[in-house]
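Notes follow once the structure below has been shown.
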Amino acid sequence: MTSESTDVLVVGGGVAGLTAATFTARAGLDTVVLNDGESILRRNAHLENLPGFPAGVNPRLFADLLTEQAERNGVTVEADRVVSVEVVGPSDGSTAAGGPDADAEQDGTTPGFRVTTADGDTHRTKYVVAASWSDASYLPDGVGTRDAGSKTYVGEDGVGRTSVAGLYAAGRLAETYHQAIVAAGHGAEVGITLVHDSATPFYHDWVTPEGYFTDRGREVPPGCEEIGPAEQARRQAESRRVMREYFAEPHRERQRTHPSLVDDEKGRVDESWEVERS
């Protein structure tokens, strides 16, 4: 068993969770994603309505791209199942900014949350983003939820804040539309909301040409970056290299469908791989 501390802990490594994590990490918050099982995204046969991919994209490949993007920006992604999230901060759990009181202590614990996994590992964190689907049983008392048949949704204020300060909900768990692009957008919105609530200096997550701000006599705002022609060329070359590597060959992961289907549990072969090659 281990115990670790972080600024942000994201439960769920799907589209919403990884996108939220990317934004919090890029703002300088130490971010960990705990992911259990398989994102629903990976069960799709082909993802065809995502902006920027005119002919669509293999959903398992897209999920891999999201994971690499998060990790390149400093996110730690681990395979683990969260079984409980406990509030361990002050009685009201919040400051005027909306997050846990970073200066308060209770019973010698770090303010914020204690997250426990199935293996008995614990994580102390100031903020939690719940982006799992469709399990909300691990969340603390006081979180507003709505049952809809076999599904449970977590109530939030439209930008991710739940009824427990410092705890956010993103993606399908927050009852957003069941589309990858919507989950990505909501994850980004929740991540930025958390950054603002944490009182981290932040303006926009922008990378601008050299002089965009400074040539107008302005300092570069928090969260922004100016880069010159040489660095711009280097990043563009790196972007092309990475994308060529990812798209050079068909994705080798076996195509899965709904887990309730018996033939899938027997290990159906990904027949689309040979089709893609041709």
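When the range 209-235 is filtered for residues that are in contact with a helix residue (DSSP H, G or I) (Cβ under 9 Å, 6 or more places away or on another chain), open to solvent by less than 50 Å² (accessible area, probe 1.4 Å) and over 21 Å from residue 126 (Cα atoms), the ones remaining, listed by number, are 226, 227. Do the conditions hold for residue 67, that is, is it in contact with a strand residue (DSSP E or B) (Cβ under 7 Å, 6 or more places away or on another chain), among the polar types (S, T, N, Q) and open to solvent by 50 Å² or more (accessible area, probe 1.4 Å)? Answer is no for this residue. Note on the range 1-53: residues that are out of contact with any Asp or Glu (no Cβ under 9 Å at 6 or more places or on another chain), surrounded by fewer than 22 Cβ atoms within 10 Å (Cβ to Cβ) and polar (S, T, N, Q) amount to 2. Among the residues making up the range 1-49, those that are in a loop (DSSP other than H, G, I, E, B), more than 17 Å from the chain's Cα centre (by Cα) and either under 17 Å from residue 184 (Cβ atoms) or of a type in the set (A, V, I, L, M) (or both) are 1, 44, 45, 48, 49.
The number of residues in the range 185-208 that are open to solvent by 60 Å² or more (accessible area, probe 1.4 Å) and not in a helix (DSSP H, G or I) comes to 6. Going by the conditions given, is residue 211 modelled with pLDDT of 95 or more, in a loop (DSSP other than H, G, I, E, B) and small (Gly, Ala, Ser)? Judged against the criteria, residue 211 is a match. Looking only at the range 214-240, how many residues end up being in a loop (DSSP other than H, G, I, E, B) and either closer than 30 Å to residue 112 by Cα or modelled with pLDDT under 95 (or both)? Final tally of qualifying residues: 3. Cβ separations smaller than 8 Å between residues 6+ apart or across chains give the following pairs from the range 29-51 residues that are over 17 Å from residue 69 (Cα atoms) to residues that are at pLDDT below 95 and of a type in the set (Phe, Trp, Tyr): 40/133. Going through (1) of a type in the set (Gly, Ala, Ser); (2) under 25 Å from residue 5 (Cα atoms); (3) open to solvent by less than 30 Å² (accessible area, probe 1.4 Å) one by one, residue 163 falls short only on (3). Within the range 135-154, the presence of at least one residue that is surrounded by 14 or more Cβ atoms within 10 Å (Cβ to Cβ), closer than 27 Å to residue 84 by Cα, modelled with pLDDT of 95 or more and touching a helix residue (DSSP H, G or I) at 6+ places or on another chain (Cβ under 6 Å) is confirmed. Counting residues in the range 133-153 that are under 22 Å from residue 193 (Cα atoms) and touching a His at 6+ places or on another chain (Cβ under 6 Å) gives zero. The criterion of being assigned to a strand (DSSP E or B) and open to solvent by less than 30 Å² (accessible area, probe 1.4 Å) holds for residue 127.
The values are calculated or read from the model by the stated rules, or taken from the named source; none is laboratory data. Fair warning: this is a prediction, and the values are worked out from it, not measured in the lab. With ideal geometry, Cβ positions are generated from the backbone for all residues, glycine too; neighbour counts draw on all protein chains shown. Keep in mind that these areas ignore ligands, DNA and RNA; they rest on the heavy atoms of the full protein, side chains included. Shrake-Rupley method; radii C 1.70, N 1.55, O 1.52, S 1.80 Å.
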